[in-house]
């Protein structure tokens, strides 16, 4: 699969979300929506009503990342609303298999998110239930954090787990992804890249997204796993 770019609107202007999403419409593959509840992570962002409003205006599919307690209750509703990808966190889900299957049944891609300190091998048996595995490359909760290089070996191990099982699972990285880090992520095995401040902190977000894609493509083509 060719690398995909999913800019995070956590770094966009919340007063003009529709406009900021439109700015990347021709350059990105997804809109990454960080849903935080101030319980699972120490930040409060937006929820289902804002997602429903964005769905009415966005030309790009929504990639909803639920950093919340009780995702088993809420995740299917995001898929039912029209989000095309919904991520629940392994650390928060009490019934991950049931919830991932409910997301798929509602018409969205089902994704499992894993924090930096969580071993990916613990969830290897769940890979057959997911369409995407999200590896956090910062501690979740806030945008603009420094990329954690310690996660790169886990990205490589995750890619090996996916490859060894011959699964069509996308591997997403989220946190600190920028022009300085995206090539290392791609080389390690990631193929979906969440970038917030690296896109929306630029004068031209669309051009920033295009350049990140070019870097990811170049690194992927040279990677041993590709």
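No lab work stands behind these numbers, since they all come straight from the coordinates. All values derive from a computational prediction rather than experimental measurement. Note that we place each Cβ from the backbone using ideal geometry, even for glycine, and neighbour counts take in every protein chain shown.
Things worth noting here:
- Cα→Cβ-extended label distance, 7 Å offset, between residue 105 and residue 18, nm: 3.4 nm
- Each Cα pair under 8 Å and six or more residues apart adds its separation to the average, and for the stretch 73-199 the resulting relative contact order is 20 percent.
- Taking every alpha-carbon pair under 8 Å whose residues sit at least 6 apart, the chain reaches a relative contact order of 21 percent.
- GNM remark for the chain: springs join alpha carbons under 10 Å apart, and the peak mean-square fluctuation among 30, 74, 170 falls on 74.
- The spacing between the stretch 1-35 and the stretch 105-158, judged by their C-alpha centroids, is 20 Å.
- Enclosing the Cα atoms of the stretch 29-81 in their convex hull gives a volume equal to 69 cubic angstrom per residue.
- Stokes-Einstein diffusion for the stretch 11-50 at 4 °C, viscosity 1.567 mPa s, with a Kirkwood radius from C-alpha pairs, works out to 113 µm²/s.
- Taking 0.36 nm per residue of separation and subtracting the current Cα-Cα distance, fully stretching the chain between residue 52 and residue 165 would add 37.1 nm.
- P(r), alpha carbons of the chain - 10 Å bins starting at zero, rounded %: 9, 37, 40, 14, 0
- Each of residue 207 and residue 118 was given a label point 7 Å from its Cα along the Cα-to-Cβ line. The distance between the two points is 3.9 nm.
- Fluctuation leader among 123, 78, 200 - the chain, Gaussian network, Cα springs under 10 angstrom: 123
- Segment residue 139-residue 218, extension gain: residue separation times 0.36 nm, minus the distance between their alpha carbons: 25.7 nm
- Antiparallel %, DSSP beta bridges [both residues in the chain], to 5: 5 percent
- Once the C-beta distance of residue 44 and residue 70 is scaled by a Förster radius of 22 Å, the resulting FRET efficiency is 0.90 to the nearest 0.05.
- Rh by Kirkwood over Cα pairs, then Stokes-Einstein D for the stretch 96-224 at 0.692 mPa s and 37 °C, µm²/s: 217 µm²/s
- Compactness of the stretch 34-124 is given as radius of gyration and Dmax, 12.7, 39 Å, from Cα positions.
- Residue among 50, 114, 162 with the largest mean-square fluctuation in a Gaussian network model of the chain, springs linking Cα atoms under 10 Å: 50
- Calculated mean residue ellipticity at 222 nm for the chain: -10000 deg cm²/dmol, from DSSP H runs with n ≥ 4 weighted as -39500 (n - 2.57), summed, divided by the residue count and rounded to 500.
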